[in-house]
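Chemist: Could you have a look at this structure, given as structure tokens, before my questions?
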Amino acid sequence: MSARRRRGGDRPTRDRPSLLEQVRRANAPPPPDDSVLFRVATAAAVLTGILACETVGELSAVTAFSAMAAVVLGMAFSYATRRHPWQWLKVLLALAVIGVFADFVTEILGAAHTGQLTSIEVPLAGLFTWVQVIHAFDVPARRDLLFSIAAAAALVTIAGAQALSSGFLAFVAVWLLATVVGLACSWRSMTGERRPLPAGVLAGCLAVVLVVALSLLVVLPQPRAEQNLTLPAALTSDLPISGSGVVNGSGANADEPAQPGKPGGRIGVGGYIGFDGPLQTADRGALGDQVVMRVRADRPGYFLGMTYDTWTGQSWVQSAADRGATTLAGASPFELPPDPYGGSKISMNVQTFYVAVPLPNLLFATSDPVEVYFPTHSLILGHDGSIRTTVAITPGTVYTVVSADDEQPAAVLAHDGGRLTTSLRAEPEVRAALRLPYAYPRVAALARSIVTRAHAHSTEAKVLALEAWMGRHTAYTTDIPPLLPGQDTVDQFLFVTHKGYCEQISTSLAVMLRTLGIPAREAIGYVPGSFDPLSDLYEIQAKDAHAWVQVYFPHYGWQDFDPTADVPLAPANAGSVLLDAVGHQLAKLPWLPIGTVSTAGVVGYGSLRVERRRRRRPRTWAAQRALRLEQLGARAGARRRSDETLAAYASRLDALGPGLGVAEAAAVLERCAYDPAAPDGPHADPAGSVESALGRLSSLARRRLRR
Amino acid sequence: MTGPADTTSSRPIGRAHPTRFVAPVLGAVILLFTWEAVAHASGSGWVQGLGALAAGLLLVGMVGPRFAARRLSLRVVEAPRDARAGEALVVRVAASGPCRCRPVHPAGPATVLARERPTDLAMTPDHRGVLSSVIVEVASASPFGLLWWTVPHRVDLARPVLVAPRRSEPSATVRPADSHEEGESPPQLALTGELRTVREYRIGDSPRQVHWRASAHTGTLMVRETEEPADRPARVVADLPEDPDRSELAAGEVMGTVVSLLAAGRTVVLETVESGGRHVAVVADERAAGRRLARAGQNYWAEPPETARRSRRASRRR
């Protein structure tokens, strides 16, 4: 025999099972899981996923609530039959799953065949939901429940792909909690642990998961819309707009945020003045925080709605709105005519708009849109580049515009000589952008003096000089009284009040430019608003409506300039400025992560405190009452010494007052603690001497405290 | 025979290491990359956020067990006094937390333990010897059960378990009780048999044969003379080699011999070399013989020199 020591070989030899045996073992039914909490957590995760899909519109309400009821029923059925699953039911469920898959494939192929396949999320949501429903009837074991948890994560993710608002966070929170509890129950089920879930461990796990997730979100690059496989577009109404090429509200209700202004008074204007009819600069409606639409865009920019070319002294109007309007017939996507000044395009900017309130039949986009995804058969392209629809834009409408951003760098524009040839001046568009209702001698003199002092020779230099002057000499505020009839907005702003809002500031720049012979027009639309990093959407509110100036460059076309950006806020009192500054800074903080982490931290800390207190709490009744006795004694002024037995301490307490009977209680407690034959718990003290003594000691302590 | 053991906690003797981690880790990485790809394909930050949460869950589920496993400890609740090589030895243990426990030295099947719930841990010692501690692999997948992390532990037994050798065929190493090799003093046997007569002392008689009463009566030193005993004790010499395997075989043969002699009704004197030196004594039954042979020669279950490394190697091989 070999002399080699085989000390490491003390493993019993095992015969390797055959392949058939391995397959049989792998397919053997696992032991049933008896944990009710595990099933409840799993069901909660699945129901959250289904409800989330319903909320974002991937499932109809009927489908979602039917599926939810079926999941609950299936889970209860699985629990009841977990020890003796119905074998024939498995066959039926397998057939049902095959049917659901076949339906999914048919739906996808059908949509692809008709060219209507814009999103795979909706069929996927249906597929996962019905698989969950079917699976819920056969989840006897831990492995099956874990599959449900994984599928619930897929459902929530599918819903997340379509989520547009921060409200989706509620679903994520519930799903996360249910998943963590479910996974923890799974582990306890593996080990046969029957004690309740430790809250501290759960809170700690949640806190770590959140910290890891937030760290990853900080590190990972933000997903961008340009990487979309399909560009979304959807209509929720086919209400036709009366009048071809006319900008019109949807007509759905009277309080549309972008309805024509009603300059009868500052209150009750109802929304942004413009987007139909004249743009009043004499007064401004109180624009609220109502979300108008959400935009997913590669690059934020000024989302142009339309432009005005004719200035009347107090309002802007479009001269011959129908002039040059082109009807684009066909089907989505619509290709727009190329920009005649194109050639030095920077890059494509894909913007998807999710409309939240009724809007006028304008499609917003950053400058120079080239392609529009909108599910109608025609669009109207205005001469100013504005895009109008022939159907009403109602909540839920989705459209995508691809723009070729052509914002030229200052260095490029600086080389444009700015000389308008006669033929260019004859262009109706340019001619309208030079027209003034009357001579503005003071404004013209001011503009000339500004550009002269700035030694500005090119168009771009003149624009920048005027903007700089306005930044130094005027201030932004919405808190000014409406103009009186007959007053000129520009005169009042430049020479009287020196305060105004974006329409007045941009109008003043446009008029000054026109007095210098530079074509300029008023542009209105929306600024991007706040960005929600979770939904990757810019949230545009009614107050984000904005007006700026478009200046014509002979070689580069119309270029955006925003003088409001250079104009500082009007000084108010120091307190309000300070509060505004603080509020502005606070508003910039990422409150969602801060709130989430803070909440997780507070919950985790609280749970740890509770757990620690629970651990420190004496286990036995005798030890608990002895501790209570010590606490009351300390309150009564006699703290127990470290070298003092309980009996000696009780004797000392008895000396504090007559008839306390603490020594007798201490004897009971010591017997209970140290005599193995003595029962523990209140029944060890049938006479109630311990509780009576503690009550008397408590009264004594209160009396002493009052003194 | 079993008896209660003092509460001795186990102690880790190696680092925590993941078990069968390639598939779960690879699966998690693929899943997260897919998730991130879907997030970028859909352009949705929510999908990325959910993926980040999933990554957090996976991280906690895969790294958390390392810390849980390090905190685990075992204590022996009950252990037997005797065992036999090749047969199951069941030790009742309790764990400080839920875990999976697999005896490594001696080897045995894995058993799942709930927290503080005494559970039988079966192992099969394949050598005789004195087992004062066992080495087990304590594994945890807490808190989510996604990946097991294992830590080798040494669990001290409050009282050593004497592992008797296997019983083999009897060997020819049996000698008569009074036979001895040259240079050795004859064994001093207890007196047996019927008293035949009393005679005077002769040189070479054992002092234990002196009949003091007759000596006092006659005034001469007298000794007893007895009939030949009916069951003359058989002397079995356990001469065990150093090689553990050969030693095991030899011990098994000795055990078989002793058992067969005992079964034949013979009195057996077993001679062994134990840690205290040569030991010669009558063995009353098989258990006593097993205990003697467990202590004889080199102890296989003494401190293994490369316990931790071997345990890890064995784990990798699995």
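Chemist: Collect the residues in region A:189-220 that are at the interface with chain B (Cβ under 7 Å from one of its Cβ atoms) and under 16 Å from B:Ala68 (Cα atoms), keeping them in residue-number order.
Modeler: A:Met190, A:Thr191, A:Glu193, A:Val201, A:Cys205, A:Val208
Chemist: I would also like to ask the following. Which one of these does A:Ala547 not meet: (1) in contact with a Cys (Cβ under 6 Å, 6 or more places away or on another chain); (2) farther than 29 Å from A:Thr310 by Cβ?
Modeler: (2)
Chemist: Would you point out the residue of region B:264-292, among those that are in contact with a Pro (Cβ under 8 Å, 6 or more places away or on another chain) and open to solvent by less than 80 Å² (accessible area, probe 1.4 Å), that is farthest from B:Arg235 (Cα to Cα)?
Modeler: Taking region B:264-292 and keeping what is in contact with a Pro (Cβ under 8 Å, 6 or more places away or on another chain), we get B:266-269, B:280, B:282, B:290.
Those left that are additionally open to solvent by less than 80 Å² (accessible area, probe 1.4 Å): B:267-269, B:280, B:290.
On the way: B:Thr267: 9, B:Val268: 6, B:Val269: 5, B:Val280: 9, B:Gly290: 16 Å.
Step by step, filter region B:264-292, then rank; the result is B:Gly290.
Chemist: Of all residues in region B:69-90, which are within 11 Å of the chain's Cα centre (by Cα) and open to solvent by 20 Å² or more (accessible area, probe 1.4 Å)?
Modeler: Matches in region B:69-90: B:Arg81, B:Asp82, B:Arg84, B:Gly86, B:Glu87, B:Ala88, B:Val90.
Chemist: Here's a check for you: in region B:114-137, which residue that is within 20 Å of B:Ala294 (Cβ to Cβ) and touching a helix residue (DSSP H, G or I) at 6+ places or on another chain (Cβ under 9 Å) is nearest to the other protein chains (Cβ to nearest Cβ)?
Modeler: Kept after step one, since they are within 20 Å of B:Ala294 (Cβ to Cβ), are these residues of region B:114-137: B:122-135.
Now drop any that are not touching a helix residue (DSSP H, G or I) at 6+ places or on another chain (Cβ under 9 Å), which leaves B:126-131, B:135.
On the way: B:Asp126: 5, B:His127: 7, B:Arg128: 12, B:Gly129: 11, B:Val130: 15, B:Leu131: 12, B:Ile135: 10 Å.
So the residue we want is B:Asp126.
Chemist: Can you tell me which residue in region B:218-234 is farthest from the other protein chains (Cβ to nearest Cβ), limited to those that are at pLDDT 85 or above and open to solvent by 20 Å² or more (accessible area, probe 1.4 Å)?
Modeler: First pass over region B:218-234, keeping only residues at pLDDT 85 or above: B:218-224.
Subset that is open to solvent by 20 Å² or more (accessible area, probe 1.4 Å): B:218-222, B:224.
Values: B:Thr218: 62, B:Gly219: 64, B:Thr220: 60, B:Leu221: 55, B:Met222: 56, B:Arg224: 50 Å.
Checked region B:218-234; the qualifying residue farthest from the other protein chains (Cβ to nearest Cβ) is B:Gly219.
Chemist: Examine region B:96-113 for a residue that is open to solvent by 30 Å² or more (accessible area, probe 1.4 Å), of a type in the set (S, T, N, Q) and either facing another protein chain (nearest Cβ under 9 Å) or within 10 Å of the chain's Cα centre (by Cα) (or both), and state whether such a residue exists.
Modeler: No, region B:96-113 contains no residue that is open to solvent by 30 Å² or more (accessible area, probe 1.4 Å), of a type in the set (S, T, N, Q) and either facing another protein chain (nearest Cβ under 9 Å) or within 10 Å of the chain's Cα centre (by Cα) (or both).
Chemist: Residue check: is B:Val112 among the β-branched types (Val, Ile, Thr) and under 28 Å from B:Val60 (Cα atoms)? Give the derivation first.
Modeler: On the way: among the β-branched types (Val, Ile, Thr): yes; under 28 Å from B:Val60 (Cα atoms): yes.
So B:Val112 fits the description; yes.
Chemist: Taking only region A:429-468 into account, find how many residues are assigned to a loop (DSSP other than H, G, I, E, B) and either over 17 Å from A:Ser508 (Cα atoms) or not small (Gly, Ala, Ser) (or both). Quick ask: steps written out before the conclusion?
Modeler: Going residue by residue through region A:429-468, those that are assigned to a loop (DSSP other than H, G, I, E, B) are A:433-440, A:454-458.
Those still in the list that are either over 17 Å from A:Ser508 (Cα atoms) or not small (Gly, Ala, Ser) (or both) too: A:434-438, A:440, A:454-458.
Going through region A:429-468 one residue at a time, the tally reaches 11.
Chemist: Please go through region B:13-64 and give me each residue that is touching a residue at least 12 places away in the same chain (Cβ under 8 Å), within 30 Å of B:Ile135 (Cβ to Cβ) and more than 9 Å from chain A (Cβ to nearest Cβ), ordered by number.
Modeler: B:Ile13, B:Gly14, B:Arg15, B:Ala16, B:His17, B:Pro18, B:Thr19, B:Arg20, B:Phe21, B:Pro24, B:Val25, B:Met62
Chemist: List pairs: first residue in region B:139-158 and away from chain A (no Cβ under 14 Å) and under 14 Å from B:Pro18 (Cβ atoms), second residue surrounded by 24 or more Cβ atoms within 10 Å (Cβ to Cβ) and of a type in the set (Asp, Glu) anywhere in the structure, Cβ distance under 7 angstrom, at least six positions apart or on different chains.
Modeler: B:Thr150/B:Glu137
Residue-wise test of (1) buried (at least 18 other Cβ atoms within 10 Å of the Cβ); (2) not β-branched (Val, Ile, Thr).
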{"site": "B:Arg117", "(1), (2)": "no, yes"}
{"site": "B:Thr124", "(1), (2)": "yes, no"}
{"site": "B:Val161", "(1), (2)": "yes, no"}
{"site": "B:Ala164", "(1), (2)": "yes, yes"}
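Chemist: What residue, among those in region A:92-120 that are of a type in the set (A, V, I, L, M) and open to solvent by 90 Å² or more (accessible area, probe 1.4 Å), is modelled with the lowest pLDDT? Full working, then the answer.
Modeler: First pass over region A:92-120, keeping only residues of a type in the set (A, V, I, L, M): A:92-98, A:100, A:102, A:105, A:108-109, A:111-112, A:117, A:120.
Now narrow it down to the ones that are open to solvent by 90 Å² or more (accessible area, probe 1.4 Å): A:92, A:95, A:98, A:109.
Numbers: A:Leu92: 91, A:Leu95: 92, A:Ile98: 92, A:Leu109: 82.
Across region A:92-120, the extreme among qualifying residues is A:Leu109.
Chemist: Test B:Arg66 against the stated conditions and say whether it is more than 21 Å from the chain's Cα centre (by Cα) and open to solvent by 70 Å² or more (accessible area, probe 1.4 Å). Let's see the steps before the verdict.
Modeler: Numbers: more than 21 Å from the chain's Cα centre (by Cα): yes; open to solvent by 70 Å² or more (accessible area, probe 1.4 Å): yes.
The answer is yes for B:Arg66.
Chemist: Could you tell me which numbered condition A:Ile518 fails, if it satisfies all but one of (1) in contact with a strand residue (DSSP E or B) (Cβ under 6 Å, 6 or more places away or on another chain); (2) in a loop (DSSP other than H, G, I, E, B)?
Modeler: Status for A:Ile518: all satisfied but (1).
Chemist: Among the helices (runs of 4 or more DSSP H) lying completely within region A:643-707, list those that include at least 2 residues that are touching a Ser or Thr at 6+ places or on another chain (Cβ under 6 Å) and at pLDDT 80 or above. Before you say what the answer is, go through the steps one by one.
Modeler: On the way: elements: A:646-654, A:662-674, A:689-706.
Answer list for region A:643-707: A:662-674.
Chemist: Let me ask you something else. Would you say A:Leu177 is assigned to a helix (DSSP H, G or I) and within 12 Å of chain B (Cβ to nearest Cβ)? Outline the logic, then answer.
Modeler: Working: assigned to a helix (DSSP H, G or I): yes; within 12 Å of chain B (Cβ to nearest Cβ): yes.
When the stated conditions are applied, A:Leu177 passes them.
Chemist: Does any residue in region A:52-65 that is without any contact (Cβ under 8 Å) to a residue 60 or more places away in the chain come within less than 6 Å, Cβ to Cβ, of a residue that is open to solvent by less than 20 Å² (accessible area, probe 1.4 Å) and assigned to a helix (DSSP H, G or I) six or more places away or on a different chain, and which pairs are these?
Modeler: Filtered contacts from region A:52-65: A:Glu54/A:Ala64.
The values are calculated or read from the model by the stated rules, or taken from the named source; none is laboratory data. This one's a predicted model, so the numbers in the text were calculated from it and none came from an experiment. As a convention, Cβ positions derive from the backbone with ideal geometry for all residues, glycine included, and neighbour counts pool all protein chains shown. Ligands, DNA and RNA are excluded from the accessible area calculation, which covers all protein heavy atoms including side chains. Shrake-Rupley method; radii C 1.70, N 1.55, O 1.52, S 1.80 Å.
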